[in-house]
Amino acid sequence: MVYEQAPLPYKSLEPHYDDRTLDVHYNKHHTAYCTKVNAAFKEVGIDKDLEYVLGHLDEVPEAKRQFVANNGGGAWNHTFFWKCMAPESQRGEMSAPLKAAIDRDFGSFEKFIEEFSNAAATQFGSGWAWLVVDPATKKLSIMKTLNQATPINEGKFKPLLTIDVWEHAYYLHWTSDRPGWIKTFCHHLANWNFVSAEFAKYQ
Amino acid sequence: MLSTFTRTLFAMPPVAYMDGHGLDGVFSGHQLDLHALHHKAYVNKLNKLAKQVNMQDASVEQVIFEAANPEANSSLAAFPQRKQLFNNAAQHFNHSFFWSCMTRNSRPMPPSLETRITEEFGSIDCFKREWETAAMQHFGSGWCWLVEHEGELKIVTTSNADTPVATLDMFPVLCQDLWEHAFYVDYENRKIEYFKKWWDSVDWDQVWSNVIEAQAKASCTVCV
C-alpha cells in the first residue's frame, strides 16, 4: 500500500515557525521518509497500511525491519506532528473533558506543560516528546521516543500531541535554543482542537 | 593532550580556526560559533556533574570509561546521573577530537598515511566513499570514526554521544560530527554535500599522528 504524504494543513505558521524551516522540514525531510518507506514496502511486498506495519514490525523481514521502522516512523510521526500545530488564531482551546483529564493526571495545565517540556528538553540526541493516553485506563502520560520510534510501535499508548526535537525541526531559527523552541510550540503552536479531538476518540 | 596535566575545570580547548572567518568553505564562521556553544554547554554540565562524584581532577577519558563501565567505579555505578555524566563527558571529548582533526589550509595526506589507507581500503577514493556511505546511512545523531582496532583501520559510526574511548581496544584517529547542529546552518538537509566538502578541512598530518599514538596505546598492555 502506498503511503501518501498528505498536504500540510496550512500554508504558513509564521511568525512562530519560520517558512524556510517549514518548507525544508516538509518537502525534504518528511518527503524523503515517505519516499523511502514506500520503496521499502514495494521491495519486500508489504501491502498493509503504515500504521499497522509500525505496530507489527516483527512482520517485516529482518533485513529491512530497522529501515522500515526508521523511515516509516519518520513518515508517520511527521504527518501527526503537522496536525499538532496550527496558526495561532486557529488552535482553539482544550475541550472540557481533556482539561479535566489534564488536571486529574498532572495537577494542572501548567504542570502538564512543564512535564511535557522537560521530556522534550531531555530527549538526548534526536527524537520526540508525546502526550499519550492509555485507552484501557484513560490515564494521560508523557513519553519520549528516540529517533523515529513512536508510541504506535508498542500500541498500548495512543498519541495525542507530539513535538519534534530533532535539531532539523528548529535549528534554522532557534539554533541551540531547544527550550525556546519547546516554549514557542507549547504556547503559540500546539493545536488544542486537534489534541481534544484525538482524546475524544478514546473516551 | 587532554589528560597530561591537572586542572580544576574541564574546558573547550582553543581552536585556531574559530576566529569568525570560517573554515575553507566547509563551515562558515557562524556555523562554527554556534557549534562552539554546544561544546561549551557540554563542558559546563560536565564540570557540574564531575564535581558531584569527585572526578573533577580525572581525565575526560577516565570519566567516560568509568561512566560507561560501572564495574570500574562502584560509587559511580550508584550515581543517578551517571548517563548524563557519560553524555557530557563523551561529547566534550568527541568535540575536542573533532576540532583537532580539522585545520585551515590542510595539506595532502602524508605518504605513510596514504599507504596505510590504501592497504586497508583499496584506495583513498574507496576510503572516502566508504566513509560517506557510513555517514549517510547512520540514522539519528552521532559520529563517524576511523579507529585503530585489532591492528586494522576501520570505519564505524556511533549514536548520540557514544565514543570509541569508552572501550579498551578502539582508538580514534579521525572523526566527523553527524549531529544536525554540526552542519544545518550551512547545509540544511543536504548531508551528502557536507560529507563531500568536509575532506577539504581534514588535517591529515594530525590523523597520521593519531595513528602512531593509537598503535602505541594498542601495544601497551599496562597503561590506562
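The values are calculated or read from the model by the stated rules, or taken from the named source; none is laboratory data. For clarity, every value in this text was computed on a predicted model and none was experimentally measured. Positions of Cβ are backbone-derived with ideal geometry, glycine not excepted, and every protein chain shown enters the neighbour counts.
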Quiz item: Restricting to helices (runs of 4 or more DSSP H) lying wholly in the range A:161-203: which have 1 or more residues that are within 14 Å of chain B (Cβ to nearest Cβ)?
Solution: A:171-174, A:178-184
Exercise. Please indicate, with yes or no, whether at least one residue in the range A:33-45 is more than 18 Å from the chain's Cα centre (by Cα), polar (S, T, N, Q) and away from chain B (no Cβ under 14 Å).
Key: yes
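A quick yes/no check of all residues on (1) charged (D, E, K, R); (2) without any contact (Cβ under 8 Å) to a residue 12 or more places away in the chain:
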| site | (1), (2) |
| --- | --- |
| B:Val165 | no, no |
| B:Met170 | no, no |
| B:Cys175 | no, no |
| B:Val202 | no, no |
| B:Asp205 | yes, no |
| B:Ser219 | no, yes |
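Condition check ((1) over 30 Å from A:Thr175 (Cα atoms); (2) not hydrophobic (A, V, I, L, M, F, W, C)) across all residues:
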{"position": "A:Thr21", "(1), (2)": "no, yes"}
{"position": "A:Tyr26", "(1), (2)": "no, yes"}
{"position": "A:Cys34", "(1), (2)": "no, no"}
{"position": "A:Glu43", "(1), (2)": "yes, yes"}
{"position": "A:Gly72", "(1), (2)": "no, yes"}
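Of everything in the range B:142-169 that's among the small types (Gly, Ala, Ser) and in contact with a helix residue (DSSP H, G or I) (Cβ under 7 Å, 6 or more places away or on another chain), which residue is farthest from the other protein chains (Cβ to nearest Cβ)?
So the first thing to find is which residues in the range B:142-169 are among the small types (Gly, Ala, Ser), and the list is B:142, B:151, B:159, B:161, B:166.
Filter once more, keeping what is in contact with a helix residue (DSSP H, G or I) (Cβ under 7 Å, 6 or more places away or on another chain): B:161, B:166.
Numbers: B:Ala161: 7, B:Ala166: 15 Å.
Residue satisfying both the conditions and the ranking: B:Ala166.
Does B:Ser106 satisfy the condition of being outside the structural domain of B:Ala50 (by TED's automatic domain parsing), in contact (Cβ under 8 Å) with a residue 40 or more places away in the chain, of a type in the set (S, T, N, Q) and at negative phi? Show your work before the answer.
Details: outside the structural domain of B:Ala50 (by TED's automatic domain parsing): yes; in contact (Cβ under 8 Å) with a residue 40 or more places away in the chain: yes; of a type in the set (S, T, N, Q): yes; at negative phi: yes.
Yes, satisfied.
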Quiz item: Quick check: anything in the range B:164-187 at positive phi and more than 11 Å from the chain's Cα centre (by Cα)?
Solution: no
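Can you pull out every residue in the range A:125-138 that is on the phi < 0 side of the Ramachandran plot and crowded, with 17+ Cβ neighbours inside 10 Å? I'd like the intermediate steps shown before the answer.
From the range A:125-138, those on the phi < 0 side of the Ramachandran plot are A:126, A:128-137; that's our starting set.
Result: A:Ser126, A:Trp128, A:Ala129, A:Trp130, A:Leu131, A:Val132, A:Val133.
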